[in-house]
Every structure is written in C-alpha cells, then in structure tokens.
Amino acid sequence: MGVTTFTQEITTKVSPARMFKALILDIHLVPKIMPQFIKSIEFVEGDGGVCSIKKTTLAEGTPFKYLKHRIDALDADNCMCNYTLIEGDVLGDKLESISYEVKFESAGGGSVCKITSHYQTKGDYNVKEEDIKEAKDKHMEVYKIVEEYLLANPNVYAEATCAC
C-alpha cells in the first residue's frame with residue numbers, strides 16, 4: 001500500500017467563512033443547488049463534529065452511487081477541515097481511502113481554498129495526476145457553482161465569520 005499526494009487551489013470571489021459554511025458545515029445547501037449531481041447528504045454517525053460519518057448519495061445518472069466521509073478534524077474558527085473518504089464505489093478496487101486537508105484563506109476580497117489529497121492505494125498501484133483529473137475538475141465545478149449561488153444570494157451565510 002502506498003500514498004500519493006496531490007494539491008489543488010481554488011480561488012473564489014466569496015469570503016472564506018461563507019464558502020466554508022456552504023461547503024463544509026451546511027449539509028443541506030449543496031443538494032439544494034446541485035440536484036443534478038447530489039441527491040442528499042446526511043450524517044449516519046455523529047452530529048457533524050470530529051469522528052462523524054457523512055453519507056453523500058449521488059443523483060441518478062452519475063457514475064457513482066454514494067460516498068462516505070469521516071470527519072477527522074474540524075476548526076470552523078480557522079476555516080479548516082480534514083476528512084477521509086472511507087467508503088463508496090469511487091474507491092474501486094485500487095484505492096483504500098482518500099484523505100483531504102481543506103483550508104480556506106482570505107485572498108483579494110475573496111478566498112482561496114487549498115486542498116491536499118492523500119490517496120491510500122491497495123497493493124502496488126500508483127495514482128497519477130491524469131488518473132484524478134476528473135475528480136479535481138469536479139471539485140472545481142462544485143466550488144464554482146457554490147460561488148455563483150453565494151454571489152447571487154449575498155444574504156446567505158452573511159453572518160458567517162472566521163479568523164482566516
């Protein structure tokens with residue numbers, strides 16, 4: 001079993017606190033604004049804090065059925081979350097898990113989201129950048145859809161604050 005690490009940065013025009021609340025803390029927004037991709041998100045263990053398990057059921061017609069993530073660390077004051085994809089058909093037969101470190105930071109009146117992904121492989125499989133291009137593109141698409149929604153609805157999470 002090996003570990004391959006990739007990084008990604010996504011810049012938005014929305015504050016870090018609002019993006020963090022929309023993408024990490026509020027499990028109801030993304031299915032509401034992206035029903036073509038996500039049918040539902042629910043906590044199957046815990047209340048959303050560390051060690052909670054979140055199940056994302058994907059929409060009909062998407063290539064995968066569901067994902068389960070475990071929240072490993074959560075710091076809302078600093079807009080940071082670490083979580084691990086522990087179950088789901090996206091892992092296939094070559095991946096054990098994928099751990100993510102997500103940090104939102106202020107940048108030029110908006111924010112930048114820094115994502116570090118650690119792919120835990122089975123056997124001697126090596127993950128290559130081109131193997132995960134689709135996943136990185138999907139991250140970008142989700143962030144841009146959320147950004148557009150928040151820009152169009154400036155009162156949504158207007159009260160959100162953080163130290164970033």
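The values are calculated or read from the model by the stated rules, or taken from the named source; none is laboratory data. Because the structure is a prediction, the values reported are computed rather than measured. Glycine also receives a Cβ, built like all others from the backbone with ideal geometry; neighbour counts cover every protein chain displayed. The area values use the complete protein model at the heavy-atom level, side chains included, leaving out ligands, DNA and RNA. Shrake-Rupley method; radii C 1.70, N 1.55, O 1.52, S 1.80 Å.
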Open item on the list: For the range 1-19: of the residues being within 27 Å of Lys94 (Cα to Cα) and either free of Cβ contacts under 8 Å to residues at least 24 places away in the same chain or not β-branched (Val, Ile, Thr) (or both), which is most open to solvent (accessible area, probe 1.4 Å)?
Closed with: Met1
TODO: Determine whether the range 110-130 contains at least one residue that is among the charged types (D, E, K, R), open to solvent by 80 Å² or more (accessible area, probe 1.4 Å), without any contact (Cβ under 8 Å) to a residue 60 or more places away in the chain and in contact with a Phe, Trp or Tyr (Cβ under 9 Å, 6 or more places away or on another chain).
DONE: no
TODO: With respect to Val112, determine if the residue is under 17 Å from Glu148 (Cα atoms) and part of a loop (DSSP other than H, G, I, E, B).
DONE: no
TODO: Determine whether Thr11 is in a strand (DSSP E or B) and farther than 25 Å from Gly110 by Cβ.
DONE: no
- [ ] Specify which of the listed residues (Val90, Val102, Val44) is among the β-branched types (Val, Ile, Thr) and touching a residue at least 60 places away in the same chain (Cβ under 8 Å).
- [x] Val102
- [ ] For the range 129-151, state whether one or more residues are more than 24 Å from Met34 (Cα to Cα) and out of contact with any helix residue (DSSP H, G or I) (no Cβ under 9 Å at 6 or more places or on another chain).
- [x] yes
Open item on the list: Can you tell me which residue is farthest from the chain's Cα centre (by Cα) among those in the range 101-154 that are of a type in the set (Phe, Trp, Tyr) and closer than 20 Å to Arg18 by Cβ?
Closed with: Tyr149
